[in-house]
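Take a look at the structure below.
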Amino acid sequence: MQVNENFEPVIVAFCCNWCSYAGADLSGTNRLNYPTNVKIIRVPCSCRVNPMFILRAFQKGADGVIICGCHPGDCHYTSGNYFTRRRITLLYSMLDFLGIERDRTRLEWVSAAEGAKFAATMQQFTEDVKALGPNRRLEDLRCRKQ
Amino acid sequence: MQRIGVFVCHCGTNIAATVDVKAVAEALGHEPGVVISQEYQYMCSESGQELVKNAIKEQKLTGVVICSCSPRMHENTFRKAAASAGLNPYLVEIANIREQCSWIHKDIATATEKAIILGRTAVAKVHLNTPLTSMESPVVKRALVIGGGIAGIQTALDIAEAGFDVDIVEKNPTIGGKMAQIDKTFPTLDCAACILTPKMVEASQNERITIHSFSEVADVKGFVGNFTVKIKKKARFVDETKCTGCGLCTEKCPMKKVPNEFNMGLDNRSAIYIPFAQAVPKVATIDPNYCMMMKSGKCGVCSKVCSAGAIDYKQQDTFIEQQYGAIVVATGFNPIKLDKYDEFAYNQCPDVVTSLELERLMNAAGPNGGTLLRPSDKSHPHTIVFVQCVGSRCDDEKGKPYCSKICCMYTAKHAMLIREKYPDTEVYVFYIDVRTPGKNFDEFYRRAVEQYNVHYIKGMVGKVTPKSDGKIDVQASDLLAGEQLHINADMVVLAAAIEPDKTARPLATMLTTQMDTNDFFTEAHPKLRPVESATAGIFLSGACQGPKDIPETVAQASAAAAKAIGLLCKNSITCNPCVAHSDELMCNGCSSCEKVCPYGAITYVDKEFRMPDRSTKVRRVASVNPAVCQGCGACTVACPSGAMDLSGFSNSQIMAEVDAICK
Ligand SMILES: Cc1cc2nc3c(=O)[nH]c(=O)nc-3n(C[C@H](O)[C@H](O)[C@H](O)COP(=O)(O)OP(=O)(O)OC[C@H]3O[C@@H](n4cnc5c(N)ncnc54)[C@H](O)[C@@H]3O)c2cc1C
């Protein structure tokens with residue numbers, strides 16, 4: 001596959017309000033750089049992320065989607081991230097079935113104290129998605145940017 | 001038609017230095033529905049808020065987007081401002097262009113481009129915001145304090161003083177915590193027991209305070225103002241209501257070879273025991289691991305001598321359930337285990353002790369009645385070496401990365417007390433840095449050096465080797481003199497790092513509060529909300545939040561009490577209106593949502609619906625109790641028919657955000 005050096009992927013990150021969003025804020029407070037490609041959507045809990053949102057992002061031309069929540073056991077709502085884990089596992093198998101690269105979607109646990117982990121995860125994910133190239137299979141051509 | 005106002009904050013140079021704020025305001029001005037787009041130096045300032053308020057009134061805005069710092073910082077500020085200008089506070093959205101943009105990016109062009117996309121996303125969302133009104137939920141006027149150290153005691157006393165009932169749950173047989181084990185306290189050198197035990201008694205006699213000693217929190221449900229907590233009262237095999245604390249059983253008990261925890265295992269106690277003379281509650285506890293009656297059924301001496309008939313070998317753990325409006329965590333700390341520090345020979349040599357063990361060795365109620373003797377041969381030590389930072393400020397796996405904060409001061413205290421009482425004893429202190437900020441602290445340390453001639457040596461101890469003559473060889477480096485030293489010591493005292501209690505982590509999980517990577521509880525804001533956790537209604541007191549000495553612990557304990565009292569004073573609190581709601585026309589009553597709800601907020605009601613043919617039909621539909629729902633959104637995804645949605649984070653709002661980012 002040819003790798004386009006100038007390819008800047010669009011990455012949507014869903015972050016739960018209590019852990020990961022705070023972790024993202026912490027990497028900001030500590031001035032830990034990660035690529036501008038990542039844009040965060042705040043949700044109350046990772047379990048608020050409907051797999052439909054992820055598919056919608058791919059349809060609209062996102063190249064990668066990452067969901068971040070509290071570590072298992074640490075969910076602010078006690079059990080939300082367990083639902084997330086199961087739902088995303090199911091989504092993985094569906095994406096596999098559709099022939100979509102597994103690495104475009106990722107689930108990560110980032111606590112409010114893990115600013116460094118947040119930045120490192122985003123850095124790594126952006127690189128991984130860059131290596132995969134643009135998302136063509138799920139993109140809706142009618143939504144393609146001109 | 002929407003009329004949206006966009007307000008871009010410079011945050012001084014925090015944002016403006018890496019984001020071209022003018023360009024952001026200009027670009028967002030062209031977004032659909034935006035009628036006004038302005039930038040200003042400090043949006044959160046009084047005049048910045050005035051700007052927003054005036055625009056809401058003059059432009060008749062239907063939605064507001066503030067491009068500024070994290071919503072965790074100022075969302076409330078701007079919501080309040082909007083409300084005071086007559087706009088529903090939930091029609092305000094924040095685009096986080098500081099923490100998530102200007103602070104992490106260096107290139108102005110790309111940072112500005114990202115800021116515009118973040119602003120555009122917020123505009124897209126605010127188009128779909130709906131006015132929300134908060135519900136009120138009642139506050140149970142009772143507080144729970146977990147942990148009965150000086151922190152928990154102080155918090156409980158303050159809350160009780162304000163007229164509210166408080167329960168203390170303490171896992172040990174007595175309250176008092178570490179302070180009960182300390183001999184004398186810096187910086188005043190007054191005896192810890194003299195200032196602590198009156199407080200313990202005060203707590204036990206205050207009619208508003210209930211102490212559940214030898215108890216643990218087993219389960220926590222509910223939310224701010226209305227927690228339901230299950231408390232496990234562990235079986236102590238003695239009826240607390242009957243025991244008078246006379247102590248006869250502890251004298252008569254034939255099993256006297258149990259390591260005494262209170263004296264750090266430096267002497268023994270009996271199988272039935274009262275931890276120390278001033279214990280509160282002063283009630284005996286049987287240790288089933290050592291009690292001969294419980295192990296082999298042969299003995300029963302305590303039962304025979306107890307005239308109150310309090311002994312009950314068949315006692316079981318019991319559970320009580322109680323409602324609380326506020327919870328204060330005060331689980332304190334422990335010195336780390338030194339098993340991994342072979343170089344200091346802690347496990348090999350009884351004369352190498354930790355600082356907390358030294359406190360007991362010097363205490364009048366300790367194993368030697370207050371005379372400092374070597375644990376090995378009970379001889380008087382002539383040379384004592386103190387090692388600082390054992391496991392503190394450590395880069396490797398063995399220790400802790402942070403400074404334990406209290407050790408510099410208590411070591412100066414120990415050194416001074418020893419020199420005062422035994423002028424013939426030489427005291428050496430090996431340190432990396434001496435850290436003594438605090439009122440009268442540096443003066444205290446200097447007194448140790450100047451007045452008491454304690455030898456402070458900057459340098460590390462490399463190896464501690466017990467010798468055959470009973471002495472201890474301490475090999476160390478003196479960094480300032482640039483030489484290697486060997487000290488022939490009689491005793492070595494290790495200032496072990498401190499860490500949170502091991503039970504704190506599972507407790508945090510139950511309370512859904514956050515911890516840092518070292519397992520200290522995290523405060524809601526490091527500067528502005530130091531005694532609240534991020535979870536509403538849960539407050540932090542004492543060393544469970546970070547290393548602290550007693551003055552700081554007490555200050556924080558009272559601050560946590562003040563916050564809890566502030567909550568308990570209210571008859572009701574405003575609930576978060578961002579809760580789930582179901583579209584009854586779409587709901588088919590399948591129960592999927594009910595199963596995933598962690599709060600039991602969803603019930604089913606039978607409702608009459610008019611059918612297309614004008615007949616009526618009764619259908620079972622989900623109904624969310626907005627006072628109980630906490631707004632996690634689990635149900636919205638579980639719902640197969642798409643009937644459940646979450647106000648403030650609705651499906652359409654999130655989709656709009658996704659679209660705006662991908663555009
Ligand atoms: C050797 C040494 C010397 C010191 N000397 C001084 C001094 O001279 N001056 C000074 O100002 N400070 C001194 N300190 C510091 C002082 O001990 C602390 O500041 C103080 O004890 C902190 O109080 P706390 O209540 O937060 O914690 P703790 O004293 O640790 O109390 C916590 C309590 O909570 C209980 N608990 C823990 N987990 C649970 C749970 N899950 N459920 C129920 N209960 C639980 C524990 O059993 C304990 O009773 C010294 C410390 C050490 C180690």
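Structure above, values below:
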{"quantity": "Unmet criterion (only one of (1) near the ligand (Cβ under 7 Å from one of its atoms); (2) within 14 Å of another protein chain (Cβ to nearest Cβ)) for residue B:219", "calculated": "(1)"}
{"quantity": "Residue within segment A:102-109 that is within 11 Å of the chain's Cα centre (by Cα) and at the interface with another protein chain (Cβ under 10 Å from one of its Cβ atoms) present", "calculated": "no"}
{"quantity": "Boolean, residue A:82 is within 11 Å of chain B (Cβ to nearest Cβ), over 20 Å from residue B:640 (Cα atoms) and among the aromatic types (Phe, Trp, Tyr)", "calculated": "no"}
{"quantity": "Of all residues making up segment B:239-274, the number that are of a type in the set (A, V, I, L, M) and over 32 Å from the mean Cα position of the chain (by Cα)", "calculated": "5"}
{"quantity": "Answer residue from segment B:57-89, given it is away from chain A (no Cβ under 14 Å) and among the hydroxyl-bearing types (Ser, Thr, Tyr) and is nearest to residue A:25 (Cα to Cα) among those", "calculated": "B:77"}
{"quantity": "Hits in segment A:22-40 - residues which are at the interface with chain B (Cβ under 7 Å from one of its Cβ atoms) and either farther than 23 Å from residue A:92 by Cα or crowded, with 24+ Cβ neighbours inside 10 Å (or both)", "calculated": "A:22, A:24, A:25, A:27, A:28, A:29, A:31, A:32, A:33, A:34, A:36, A:40"}
{"quantity": "Matching entry among B:193, B:180 (being closer than 16 Å to residue B:549 by Cα, assigned to a helix (DSSP H, G or I) and more than 9 Å from the ligand (Cβ to nearest atom))", "calculated": "B:193"}
{"quantity": "Tally of residues being of a type in the set (Asp, Glu), in a helix (DSSP H, G or I) and more than 15 Å from the ligand (Cβ to nearest atom) across segment B:131-175", "calculated": "1"}
{"quantity": "Residue in segment B:267-275 that is assigned to a loop (DSSP other than H, G, I, E, B) and surrounded by fewer than 18 Cβ atoms within 10 Å (Cβ to Cβ) present", "calculated": "yes"}
{"quantity": "Candidates B:187, B:254 - the one that is within 11 Å of the ligand (Cβ to nearest atom) and either assigned to a loop (DSSP other than H, G, I, E, B) or touching a Ser or Thr at 6+ places or on another chain (Cβ under 7 Å) (or both)", "calculated": "B:187"}
{"quantity": "Residue that is assigned by TED's automatic domain parsing to the domain that holds residue B:375, over 30 Å from residue A:17 (Cβ atoms), loosely packed, with under 15 Cβ neighbours inside 10 Å and in contact (Cβ under 8 Å) with a residue 24 or more places away in the chain, where the choices are B:467, B:421", "calculated": "B:421"}
{"quantity": "Residues of segment B:492-523 that turn out to be surrounded by fewer than 20 Cβ atoms within 10 Å (Cβ to Cβ), within 14 Å of chain A (Cβ to nearest Cβ) and of a type outside the set (Val, Ile, Thr), as a count", "calculated": "6"}
{"quantity": "Unique match (being assigned to a helix (DSSP H, G or I) and more than 30 Å from residue B:210 (Cβ to Cβ)) among B:358, B:338, B:372", "calculated": "B:358"}
{"quantity": "Positions within segment B:340-393 being among the charged types (D, E, K, R) and under 21 Å from residue B:186 (Cβ atoms), in sequence order", "calculated": "B:357, B:359, B:360, B:393"}
{"quantity": "Test for residue B:432: is it under 24 Å from residue B:472 (Cβ atoms), touching a residue at least 60 places away in the same chain (Cβ under 8 Å) and not basic (Lys, Arg)", "calculated": "no"}
{"quantity": "From B:27, B:17, residue being among the hydrophobic types (A, V, I, L, M, F, W, C) and surrounded by fewer than 17 Cβ atoms within 10 Å (Cβ to Cβ)", "calculated": "B:17"}
{"quantity": "Listing of strands (runs of 3 or more DSSP E) fully contained in segment B:523-564 that carry 2 or more residues being over 20 Å from residue B:226 (Cβ atoms) and more than 12 Å from the ligand (Cβ to nearest atom)", "calculated": "B:523-525, B:529-533"}
{"quantity": "Elements of type strands (runs of 3 or more DSSP E) contained in segment B:583-663, each with 1 or more residues being away from chain A (no Cβ under 14 Å)", "calculated": "B:602-610, B:616-624"}
{"quantity": "Search result, residues across segment B:201-216 that are within 11 Å of the ligand (Cβ to nearest atom) and assigned to a helix (DSSP H, G or I)", "calculated": "none"}
{"quantity": "Members of segment B:452-486 that are under 39 Å from the mean Cα position of the chain (by Cα), assigned to a loop (DSSP other than H, G, I, E, B) and of a type outside the set (Phe, Trp, Tyr)", "calculated": "B:454, B:459, B:460, B:479"}
{"quantity": "In segment B:341-355, the residues that are more than 9 Å from the ligand (Cβ to nearest atom) and part of a strand (DSSP E or B)", "calculated": "B:352, B:353"}
{"quantity": "Failed item in (1) closer than 17 Å to residue B:240 by Cβ; (2) more than 16 Å from the ligand (Cβ to nearest atom), with residue B:319 passing the rest", "calculated": "(2)"}
{"quantity": "Of all residues making up segment B:50-86, the number that are without any contact (Cβ under 8 Å) to a residue 12 or more places away in the chain and of a type in the set (Lys, Arg)", "calculated": "2"}
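Residues checked against (1) surrounded by 15 or more Cβ atoms within 10 Å (Cβ to Cβ); (2) outside any loop (DSSP other than H, G, I, E, B); (3) of a type in the set (Lys, Arg):
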site	(1), (2), (3)
B:289	no, no, no
B:294	yes, yes, no
B:298	no, no, yes
B:303	yes, yes, no
B:309	no, no, no
B:316	no, no, no
B:328	yes, yes, no
B:331	yes, no, no
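A quick yes/no check of all residues on (1) touching a helix residue (DSSP H, G or I) at 6+ places or on another chain (Cβ under 7 Å); (2) within 16 Å of the ligand (Cβ to nearest atom); (3) within 14 Å of another protein chain (Cβ to nearest Cβ):
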{"residue": "B:445", "(1), (2), (3)": "yes, yes, no"}
{"residue": "B:457", "(1), (2), (3)": "no, no, no"}
{"residue": "B:464", "(1), (2), (3)": "yes, no, no"}
{"residue": "B:475", "(1), (2), (3)": "no, no, no"}
{"residue": "B:483", "(1), (2), (3)": "no, no, no"}
{"residue": "B:489", "(1), (2), (3)": "no, no, no"}
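The values are calculated or read from the model by the stated rules, or taken from the named source; none is laboratory data. Everything numeric here is computed off the predicted structure, so don't read it as measured data. Positions of Cβ are backbone-derived with ideal geometry, glycine not excepted, and every protein chain shown enters the neighbour counts.
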